Amino acid sequence: MNDSPVTPEIDTRPELHLAVVRETVPFDRIPELYDRAFPALFAAIAAAGSSPAAAPMGIMHGSPTADGLDLSVAVPISQPFPSAEGDGGADGAATAGVRVTAETLPASRTATYLLRGDFSGLSAAYERLYAWVSEQGEQPTDIAWEQYLTEPEPGGDPAHNETLIGVQLAGD
């Protein structure tokens, strides 16, 4: 593992189709949402005859409110997740009472930063990324995300986790 400091960067990301479980959740219940969402997501993706196209993600919509964070627990897939007939929207599948729907992360210029280590470093990593975005004279949109490049293992060393965080940028 390379422990050298990582510098944020800006790149252009393509549109990304997602299967998601989206809820507004209090911060102290975020792990519970992930624990409920991932089994339902992988089951619904398999039932739709699809498979993951990239590492799982968490997508934050807007700023936190008194009710918590508007969060999509997401798995990228190669095609849009199927919509239910007749309702005009993505109804996806319900597994164990968890509703899986479609979402698309639009193509965008995105500032990214690679966090190596425990998830407890996410807050500081986001602060660093947002400060860097401001220093570059860029304007963030209301979409930020994290992509879990390594899967934490029970009893594993959290220092080996790699999480790519991204902030979509305004403008072309």
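The values are calculated or read from the model by the stated rules, or taken from the named source; none is laboratory data. Given the structure is predicted, the values throughout are model-derived calculations rather than measurements. Methodologically, a virtual Cβ is constructed for each residue, glycine included, from the backbone with ideal geometry; neighbour enumeration extends over all protein chains shown. Please note that ligands, DNA and RNA were not included when accessible areas were found on the heavy atoms of the full protein model with its side chains. Shrake-Rupley method; radii C 1.70, N 1.55, O 1.52, S 1.80 Å.
Can you tell me which residue is modelled with the lowest pLDDT among those in region 58-83 that are touching a Ser or Thr at 6+ places or on another chain (Cβ under 9 Å) and not in a strand (DSSP E or B)? Ranking the qualifying residues of region 58-83, first place goes to S83. Which residue pairs have Cβ atoms under 8 Å apart, sit 6 or more places apart or on different chains, and have a first residue in region 1-15 that is more than 20 Å from L105 (Cα to Cα) and open to solvent by 100 Å² or more (accessible area, probe 1.4 Å) and a second that is at pLDDT below 95 and of a type outside the set (F, W, Y)? Going by the 8 Å Cβ cut-off, the qualifying pairs are M1/R116; M1/A159; M1/H160; D3/R116. In region 16-57, the residue that is surrounded by the most Cβ atoms within 10 Å (Cβ to Cβ) out of those that are hydroxyl-bearing (S, T, Y) and assigned to a loop (DSSP other than H, G, I, E, B) is S50. Report, ordered by the first and then the second residue, all pairs with beta carbons closer than 6 Å, sequence separation of six or more or different chains, a first member in region 111-140 that is more than 15 Å from A159 (Cα to Cα) and among the hydroxyl-bearing types (S, T, Y), and a second member that is open to solvent by less than 70 Å² (accessible area, probe 1.4 Å) and assigned to a loop (DSSP other than H, G, I, E, B). If the second residue must be open to solvent by less than 70 Å² (accessible area, probe 1.4 Å) and assigned to a loop (DSSP other than H, G, I, E, B), the pairs left are Y113/P8.
Within the set D142, D91, the sole residue that is under 18 Å from T24 (Cα atoms), open to solvent by 20 Å² or more (accessible area, probe 1.4 Å), out of contact with any strand residue (DSSP E or B) (no Cβ under 6 Å at 6 or more places or on another chain) and modelled with pLDDT of 95 or more turns out to be D142.
For region 130-148, the set of residues classified as more than 11 Å from the chain's Cα centre (by Cα) and not aromatic (F, W, Y) consists of A131, V133, S134, E135, Q136, G137, E138, Q139, P140, T141, D142, listed by residue number.
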